[in-house]
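Student: Got a structure here, written out as structure tokens. Questions coming.
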Amino acid sequence: MRVGFLGAFQIGVRSVGVATPEEVTVNLVKKSHINFRPDKRLRKMLQNVEFTHSES
């Protein structure tokens, strides 16, 4: 799913590896998660970010 110029979200899964396609089952999936892939423009903007220390 794309979010404008920010980037895209992707679903990922972690599972146990098996040797053959016949061994694959839903029960092998251990965890699902969301990955965020920033757009090229956002990555470029992050290269130019400057940080300053401020006292509260």
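The values are calculated or read from the model by the stated rules, or taken from the named source; none is laboratory data. In this text the structure is predicted, and so the values were computed from the model without any measurement. So basically every Cβ, Gly included, is an ideal-geometry build from the backbone, and we count neighbours across all protein chains shown. Please note that ligands, DNA and RNA were not included when accessible areas were found on the heavy atoms of the full protein model with its side chains. Shrake-Rupley method; radii C 1.70, N 1.55, O 1.52, S 1.80 Å.
Student: Any residue in segment 1-20 that's among the aliphatic types (A, V, I, L, M): show its pairings with residues that are in a loop (DSSP other than H, G, I, E, B) and open to solvent by less than 70 Å² (accessible area, probe 1.4 Å) at Cβ separation under 8 Å, as long as the two are six or more apart or on different chains.
Tutor: Pairs that qualify, where the first residue is among the aliphatic types (A, V, I, L, M) and the partner is in a loop (DSSP other than H, G, I, E, B) and open to solvent by less than 70 Å² (accessible area, probe 1.4 Å), are LEU6/ASP39; ALA8/ASP39.
Student: Going through segment 1-23 one residue at a time, which ones are part of a strand (DSSP E or B) and open to solvent by 100 Å² or more (accessible area, probe 1.4 Å)?
Tutor: ARG2, ILE11, ARG14
Student: Just for segment 1-27: of the residues that are within 30 Å of LYS44 (Cα to Cα) and touching a helix residue (DSSP H, G or I) at 6+ places or on another chain (Cβ under 7 Å), which one is modelled with the highest pLDDT?
Tutor: Here the answer is GLY7.
Student: Identify all residues within segment 24-53 that are open to solvent by 90 Å² or more (accessible area, probe 1.4 Å) and more than 21 Å from the chain's Cα centre (by Cα); write none if there are none.
Tutor: VAL24, VAL26, ASN27, ASN48, GLU50, PHE51, THR52, HIS53, listed by residue number.
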